[in-house]
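Every number in this text was worked out from the coordinates using simple rules, so none of it is lab data. On a predicted model such as this, the values are computed, not experimentally measured, just so you know. Cβ coordinates were reconstructed from backbone atoms using ideal geometry, including for glycine residues, and neighbour counts include every protein chain displayed.
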Amino acid sequence: MKRRNFLRSGLGAGAAGLAASGWFGAGAAANAVRGAGALQWRDRTLLGFGTVLTLRVAHADDRQAERALDAAVDTIRHVEDQMSLFRTDSALSRLNREGVLLRPHPDLVKVLQLAQGVSARSQGAFDVTVQPLWTAFEQAAGRKALPSPEAVTAARAAVGWQHLSVSGDAIRLARPGMGVTLNGIAQGFAADLARTRLQALGVNHALVNAGEWTALGRPDTERPWLLGLQDPRDAQALIARLALDGRSIAVSADNECSFSADRVHHHIFDPRTGYSPAELACVAVAAPSCALADALTKVMFAAGREKALRLAREWDVDVLVVDKQGKWQATAGLKLHAG
């Protein structure tokens, strides 16, 4: 599955390469440097999880800044080794082929346990076992068609988070034809791990884009890190500018990967129906952890506009939802900036 970025940030030259497909900078690189004093800012761009990722860090020692970037990249690669379906040799790919993974890495166990908790609390609105549905739609797309209702029903029969067994000893798929995708949570998890690694290396100011976004500190003395939310119907327009206020932000949109020209069918599935939720075009979630924000974008997508706004209070997060007509609404705690 190919992904696009829907947050843009001020990363100087790095942002320019993402301008056609990503989140667009509310603050410029010059602003970041002007208020930084003796800090040395360093950037890194890489490919990962099927998209372009960016890192920006500041440190008084430029060599330590580069070492911190190296460590963050290593952390992201580690998550890919465990959780990416873009890698046929990843632990997750092996699980899907073999149905069992013995002695799994603790990070894979951790992210799956988080996913299972979100599944239980959301009554199955988020479910990492939706991979059979993706496969059914992807195969039909290869024929320039949509899967038949019978094919969707058959795929749904292999979906069910309750039939995924997760422990430190083994991860098992209990039903034939099951498959797990972590595309809805692994990037947020990678952002969290990279942020922790940077902090451990003495970095106090950083912006991490691992496909979803988290940050440390500030880009300058005058403003927080600001992210521009791209209009899912106009790649050159921004819906709003969001502040990273100590929380992380994740976004899902129906034009990241569509199976129909009208975007009725896309990569986000309601596991309970087998089809894409019909009401929303885009969801942004601000949450204490990036992995949680990542997972909750799918919960809010399945909920629809009004219910998503109510669910935000129950989960103690903030959301911005955009419907298919382009109308948007945000909860009060989301920090929006003009200009």
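Please tell me the relative contact order of the chain in percent, rounded to the nearest whole number, where contacts are Cα pairs under 8 Å and at least six residues apart. Provide the component values of the computation, followed by the final result.
Values: 740 pairs, mean separation 61.0, N = 339.
Relative contact order here is 18 percent.
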Of every Cα-Cα pair in the range 185-339, the percent that sits beyond 25 Å: 27
Using the Kirkwood formula over every pair of different C-alpha atoms, what hydrodynamic radius in Å results for the range 43-94? 11.9
Compute the helix-to-body angle for 106-121: its Cα long axis versus the longest principal axis of the chain, expressed 0 to 90° and rounded to tens. 70
Extension gain Ser258-Lys144, at 0.36 nm per residue separation less the Cα-Cα distance, in nm? 39.8 nm
What three numbers, in Å, describe the spread of the alpha carbons of the range 188-265 along their principal axes, ordered from the longest? 47, 27, 16
Placing one equal point scatterer on each C-alpha of the range 91-173 and summing with Debye, one gets log10 I(q)/I(0) at q = 0.11, 0.15, 0.16, 0.17 Å⁻¹ equal to -0.34, -0.61, -0.68, -0.74
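Please sort 158-169, 52-63 by packing, taking for each peptide the average over its residues of neighbouring beta carbons within 10 angstrom, highest first.
Per-residue mean Cβ counts within 10 Å order the peptides as 52-63, 158-169.
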Restricting to DSSP H runs of at least four residues, report the calculated mean residue ellipticity at 222 nm for the chain, -39500 (n - 2.57) per run over all residues, nearest 500 deg cm²/dmol. -10500 deg cm²/dmol
In µm²/s, what is D for the range 103-242 at 25 °C and 0.890 mPa s, where D = kT/(6 pi eta Rh) by Stokes-Einstein and Rh is the Kirkwood radius from Cα pairs? 136
What is the distance in Å between the Cα centres of the range 285-324 and the range 98-168? 20
Using the 2.2 N^0.38 Å rule of thumb for compact globular proteins, work out how the chain stacks up: its C-alpha Rg over that value, please. 0.96
Under 24 Å Cα-Cα from Lys335, which lysines qualify once same-chain neighbours fewer than 8 residues away are excluded? Lys298, Lys307, Lys324, Lys327
Assertion target for Val73, Val128, ordered by fewest C-beta neighbours within 10 angstrom first, is Val73, Val128
Given just the C-alpha atoms of the range 52-138, how large is their convex hull per residue in cubic angstrom? 153
